[in-house]
1. Return a yes/no flag: does region 35-55 have any residue that is among the polar types (S, T, N, Q), open to solvent by less than 50 Å² (accessible area, probe 1.4 Å) and at pLDDT 85 or above.
2. I'm checking my understanding of the structure. Among residues of region 95-114 that are of a type in the set (Val, Ile, Thr) and either at pLDDT 85 or above or under 17 Å from residue 142 (Cβ atoms) (or both), which one is most open to solvent (accessible area, probe 1.4 Å)?
3. Could you please let me know if residue 121 is assigned to a strand (DSSP E or B) and over 19 Å from residue 90 (Cβ atoms)?
4. Which one is modelled with the lowest pLDDT, of the residues in region 129-168 that are aromatic (Phe, Trp, Tyr) and surrounded by 11 or more Cβ atoms within 10 Å (Cβ to Cβ)?
5. So, of the residues in region 1-24 that are part of a loop (DSSP other than H, G, I, E, B) and either closer than 25 Å to residue 36 by Cβ or within 41 Å of the chain's Cα centre (by Cα) (or both), which turns out to be modelled with the highest pLDDT?
6. Of the conditions (1) surrounded by 16 or more Cβ atoms within 10 Å (Cβ to Cβ); (2) hydroxyl-bearing (Ser, Thr, Tyr); (3) not in a loop (DSSP other than H, G, I, E, B), residue 92 clears all except one; give me its number.
7. Filter region 152-172 for residues that are under 15 Å from residue 88 (Cβ atoms) and of a type in the set (D, E, K, R) and give the result.
Amino acid sequence: QCASTQTITIEIKSFIQLTVSINQIEYFNSENQGIEVTVSPQGNYLFTLDNEWTQNSNVFENITSCDHKIKVQDLSGCGKSDVEIDFFIWDYPKLFTPNGDGINDYWNIYCSDFQEATITIYDRYGKLIKQFSSKTIGWDGKYNGVNLYSTDYWFTVEYKQNGLDKIFKSHFAMKR
């Protein structure tokens, strides 16, 4: 009785599983630690770092070392769900003071609990002073139980990045 035919179009979107990877822009760059977040498939995403900084850009800069969390939200609504990934930023102390006061008495690549790295420390002539795992307390400024002098020391860090063996070399100062 007064019925009419109406045609409607329904768009069905299937949910897509997002693949997210995080690449540290440059390891051990204390001037500007940064990450780039890559999401597949490409789309319109919102990125949140540590539940504090939200932005449309997939690049974050000036991030402190240690553990962090990135959240990726699909703004088109096609993503299966928001994706959260924990990641780690490498850095090292530029100075330590092994004087027994309980502050900076050991040198190590801190906040690296989940990263397995081998750290080797040398004096300025290339003499091996200490080799240890990043999972230990670190170096106390001694060689064979004797306090070493205040100066710069060189080190290498052997670690894995994206499944590849890497070596980082730099130096730090010890002050007594």
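The values are calculated or read from the model by the stated rules, or taken from the named source; none is laboratory data. Values in this document were obtained by computation on a predicted structure and should not be read as measured data. So basically every Cβ, Gly included, is an ideal-geometry build from the backbone, and we count neighbours across all protein chains shown. Just so you know, the surface numbers come from the protein's heavy atoms only, side chains and all, with ligands and any DNA or RNA stripped out. Shrake-Rupley method; radii C 1.70, N 1.55, O 1.52, S 1.80 Å.
1. Yes: region 35-55 contains one or more residues that are among the polar types (S, T, N, Q), open to solvent by less than 50 Å² (accessible area, probe 1.4 Å) and at pLDDT 85 or above.
2. 103
3. For residue 121, the condition - assigned to a strand (DSSP E or B) and over 19 Å from residue 90 (Cβ atoms) - is not met.
4. Per the criteria, the residue is 159.
5. 18
6. (3)
7. Of everything in region 152-172, those that are under 15 Å from residue 88 (Cβ atoms) and of a type in the set (D, E, K, R) turn out to be 160, 166.
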